[in-house]
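Every number here is computed from the coordinates shown, using simple stated rules; none is lab data. Small disclaimer: the values here were computed from a predicted structure and weren't measured. Using ideal geometry, Cβ is built from the backbone for each residue, glycine included, and neighbour counts are taken over all protein chains shown.
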Amino acid sequence: MEKTNNSRRTFLKSSALLGGGLMIHFTGLANFDISERTGTLGTPAELIELNGYVKIMPDNTIKIICPNPEFGQNVMTSLPMIVAEELDVEWQKVLVEMGPHDSVKLGSQFTGGSNSVRMYWRILREAGATARYMLVQAAAQTWGVPAEEITTKAGMLYHEKTGKKGKYGDFATKAAGVTVAKGVVKPKDIKNFNIVRTSKKNVEGTKIISGKPLFGLDYKYDGMLIAMIEHPPGFGMTVDSFDATAALKMPGVKEVFRQKIYEDGFEQGGFDVRTFNEVVVVVGKTTWEVMNARKKLIVKWKPAGDTKDTMGGRGGAREVVVPGELESSDAQYQKMQDFASKPAQLLRKDGDPETAFKNAAQVIERTFTAPFLAHNCMEPINFFAHVTADKALLVGPLQAPGWTEPTLSKILKLPADKIEIQMTRMGGGFGRRAYGHYLVEAALISKKVNAPVKLIYSKEDDMTYGIYRPMYTATYRAALDADKKLIAFHVKGGGIPEHPIHANRFPAGAVDNYLAEGWQIPSNITVGAFRAPRSNFNAAAEQSFLDEVAEAMGKDPIEFRLELLKRAKENPVGKNNEYDAARYAGVLELVRDKSGWKNSGTEKYSRGVAAYFCHSSYAAHVVDMVIRDGEPYVKQVFSAIDCGIVVNPDAASNMVQGAVVDGIGNALYGGLTHKNGVSEQRNFHNYRIIRMREAPKKVEVFFVKNDIDPTGLGEPPFPPVFGAVANALYKASGQRFYKQPYSLKPTDKPIV
Amino acid sequence: MATLNINKKNYNIDADPDTPLLWVLRDIIGLVGTKYGCGVAQCGACVVHLNGEAVRSCVTKLSRAEGKKVVTIEGLSETNSHPLQKAWLELDVSQCGYCQAGQIMSAAVLLKENKNPTNEDIDDAMAGNICRCGTYLRIREAIQLAAKDQKK
């Protein structure tokens, strides 16, 4: 990790040109601080920057900058692979460095929404191809030969006729001065890829297994103090008063104070979610000393009552009332049932569903619910901040620097170019670290104590802070005619504080009469994106429901889905259907074939299937379950994925396997409940996370092969795991499960 | 003042004897490979070896570690050559990577005591280590690969 480096920052600023994160015309050399994390190749003094993503050293070492923060999705490997492919260099000789926040040179830099590869695919291909073009032009000028006659291979330039050859490093300085006209750079033919689509190992793998400093919590800075926050014990509460007399006497403690986060009327952006606006801060020398001092801190809390947030937006600022109720889970479920029977917002309607349901020979209606989920990243929330009168440095784990910087700028009253944000490797994210309240908190604390400070949440602080996956419910109805044909489909979903419905997704488009509705209940429990937001509930509910409908129709669950998809492909109902029915069917067919669905030998398992489309990709799973010691155990899984071109196949399989494990864990054990506003789960002793024993022995992953530009992979495999687990559980127990987390306990009666 | 032997090196530590070894390692000595995950011995991110036994450093007091040999991930091998480290790289186990040092340290004790661990043995030995990314399949495979490598 590196400290503030003003010369580097100045350099970055001076070289920022053009849009799209691509810098073509930059010329010149710059002294560049090679930080420890760039590896072991010594410290070359000079780096020639061809654009924001490509730097070449005179010794022909190629450095590729990763724009997006890494939280385990392996972008620090896959994104540079795309650049290296087009640049035509040897992967083994590439050094990768995580870029600082710099939207001019490095684009949106948002890790989330399964966006990294999808959003950067064209940008990085263009960046690599443009740098290669510049090198070729430079060599052509030097050698006095036509550029078209120059070829490249593995970081070398060749001119066959004259026998001339040279390293990229020899021409980098000249290349930096080459002007590139629009439209002259052509990316490679996909058929000629030799890096992308081959498995490359995690570029930080060795640092991880040897314990090198990589994460926000590992970051050190001279004179750095540690800060922790005592936040209210429950949602809907705030600070009344506090007594720090005893805490201040504890060893190592420097200061204890009350801190307000947003001033009244502060216009919040969409990712400025913060749960508690007033907190008590303890600052001291070391983490353990601060933890101990907190135990001596006496804080009186009080109900906050209804409060107001000011939300910014295109239509101007608007005030939102945050209700003050101290919520409990039983009452939340009751309230959801009450709301479910009231009229809701119409989201989509095709045909005449009311009449179809009225005339149906059979109506199947089922209601599904799911609890709040905490992200539970292994690395608790933390961030380093050093704020002085004229600038700020912030370092730590963050998914969305581009959304947090404007907020910091407003709160610290500093221009954006005086705020430097560096992103460390994250110990998990899952959506949680898209919400940068903890940078604001760290910055305000640093400003107050006038020192470099690292803010650290304990696991308990983290788990009880909020920004959860919302609590959801949905009632599905299917109308069958006398021939057991599906004639109408209705979904009405709601949640605290938002509904889960994706109205234009399957089976919309496949049923003549279709109705989707949504409703929501305001709450002071804050929510945020959690690995495939909304989809992670819908895929559980909808895919279990379809299983039950298929059974009522006497059809095989895969064949039933394929029939609906055939209809959606050949003669789609309505407009705005988000999915490609053929690709959706493709993953179902692939998983059917690879799993040997219904083949002999599979009877020893209770098999469940589910498929889902989200984040532009398609995923289907077959899970094979057994009952072991009275608990469901998923022994093996077959997964079929269509995410277009797979950049790094083995790492992609790893991600799918992880999503499967995560899905099984959350489906069977995940859940966060409240009593009088207080989270009942506080740490891993009572928030059950899937462990080694419960993980399948085998997860076989199959990718559909096509040449479609890559789409998301971090999220899409996750949601359908829930549905497949629910359907297998039905086979295993003879009982349908409607309430998550699924459990074989006899108290788990369906709520219908 | 306590004297600790960490990765074959002696350190004089001036801290409250009740301070967890985790924070001595991370905040005082600056060995940050050992991770803070839960602080209550539930997740295994902080596992180190104390006289060859796997302990959770977040609940191991400085006073208990005094006079004993502490090995952290940084000291598991000099050149990342421990069979588990090699297997972890070979199978590209890590996703976010935060829990992996603790996983490796737990697995190292298992392999020292059991040259041929079965799936059941691995389940038992690794029960205290959480991986939120869900890399358990590769962890299991890597332990088996390392066991084979160890026998060579």
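A Gaussian network model of chain B, with springs between Cα atoms under 10 Å, assigns the largest mean-square fluctuation among B:Glu74, B:Glu90, B:Glu66 to B:Glu90. The alpha carbons of region A:227-272 occupy a box of 40, 20, 16 Å along the principal axes, longest dimension given first. Using only Cα positions of region A:379-509, each an equal point scatterer, no hydration layer, compute I(q)/I(0) via Debye at q = 0.10, 0.17, 0.20 Å⁻¹ and quote the log10 values to two decimals. Log-scaled intensity ratios, in q order: -0.49, -0.89, -1.08. Counting charges near A:His159 (Lys, Arg +1; Asp, Glu -1) among other residues having Cβ under 10 Å from its Cβ returns a value of +1.
Exposure proxy shown here: for A:Phe383, A:Phe357, the number of other Cβ atoms within 10 Å sets the order, fewest to most, as A:Phe357, A:Phe383. Alpha carbon centre of region A:353-374 versus region A:195-230: separation in Å? Distance between centres, Cα-based: 47 Å. From least to most packed, judged by other beta carbons within 10 angstrom and beginning with the fewest, B:His49, A:His685 follow the order A:His685, B:His49. When the alpha carbon gyration tensor of region A:591-710 is reduced to an equivalent ellipsoid, its three semi-axes come out at 29, 21, 12 angstrom, largest first. Taking all C-alpha pairs of region A:219-349, those more than 25 Å from each other amount to 48 percent.
Add +1 for every Lys or Arg and -1 for every Asp or Glu among the other residues with Cβ under 12 Å from the Cβ of A:Val321, and state the total. Spell out each step's value before the answer.
Numbers: positive: A:Lys308, A:Arg318; negative: A:Asp306, A:Asp309, A:Glu319, A:Glu325.
Taking every other residue near A:Val321 into account, the sum is -2.
Peptide B:25-33 is shielded by partner chain Cβ atoms: per residue, an average of 4 of them sit within 10 Å of its Cβ. Restricted to Cα atoms, region B:1-40 shows a radius of gyration and a Dmax of 10.2, 28 angstrom. Show me the trypsin sites (Lys or Arg not before Pro) within region A:439-500 that DSSP assigns to loop and that have at most 12 other Cβ atoms within 10 Å of their Cβ. Loop-located and lightly packed - A:Lys485. In a DSSP loop and with at most 10 other Cβ atoms within 10 Å, the GluC sites (Glu not before Pro) in region A:246-335 are A:Glu263.
Across region A:331-377, how large is the tail of the calculated P(r) beyond 17 Å, expressed as a percent of all Cα pairs? Please list the in-between numbers first.
Details: 669 of 1081 pairs.
The proportion of pairs with Cα distances above 17 Å equals 62 percent.
Among B:137-146, A:197-206, A:178-187, A:463-472, the peptide with the highest mean count of other Cβ atoms within 10 Å heads the list, and the full ranking is A:463-472, B:137-146, A:197-206, A:178-187.
Looking at chain A only, what percent of DSSP beta bridges run antiparallel? Nearest 5 please. List each step's numbers first, then the result.
Values: 97 of 129 bridges.
Antiparallel bridges: around 75 percent, rounded to the nearest 5.
Rounded to the nearest 20 debye, the dipole magnitude of region B:17-110 is 220 debye, with +1 charges on Lys and Arg beta carbons, -1 on Asp and Glu beta carbons, and the Cα centre as origin.
Quarter the surface of the alpha carbon convex hull of chain B and you get the mean projected area, 8.3 square nanometres.
Please quote Rg/Rh for region B:83-151 to two decimal places, taking the Kirkwood radius as Rh and restricting both calculations to Cα atoms. Numbers along the way, then the final one.
On the way: Rg = 10.6 Å, Rh = 11.6 Å.
For region B:83-151, the value is 0.91.
Shown here are the Rg and Dmax of the Cα trace of the protein assembly as shown, at 28.0, 84 Å.
For region B:2-75, averaging the sequence separation of C-alpha pairs within contact (under 8 Å, six or more residues apart) and dividing by the residue count gives a relative contact order of 41 percent. Remark on region A:672-743: Rg and Dmax equal 17.1, 53 Å (Cα only).
For the peptides A:503-509, A:715-721, what is the packing order when you average, over each peptide's residues, the other Cβ atoms within 10 Å and list the highest mean first?
In descending order of packing, they fall as A:715-721, A:503-509.
Take every Cα pair under 8 Å whose residues are at least 6 apart in sequence, average their separation, divide by the length of chain A, and the relative contact order is 13 percent. If you take all other residues with their beta carbon under 12 Å from the beta carbon of A:Ala550, and give Lys and Arg +1 and Asp and Glu -1, the sum is -3.
Determine, for A:Leu346, A:Leu47, the number of other Cβ atoms within 10 Å of each Cβ, and report the residues in order from fewest to most. It would help to have the intermediate numbers written out before the result.
Numbers: A:Leu346 11, A:Leu47 19.
Result, fewest neighbours first: A:Leu346, A:Leu47.
Note on A:658-670: average number of Cβ atoms from other chains within 10 Å of each residue's Cβ is 2.
Under 8 Å for C-alpha pairs, at least 6 residues apart: give me the relative contact order for region A:322-449, rounded to a whole percent. Walk me through the intermediate numbers first.
Values: 122 pairs, mean separation 32.5, N = 128.
25 percent.
Once the Cα-Cα distance is subtracted from the 0.36 nm per residue extended length, the A:Ala181 to A:Lys569 segment shows a gain of 135.5 nm.
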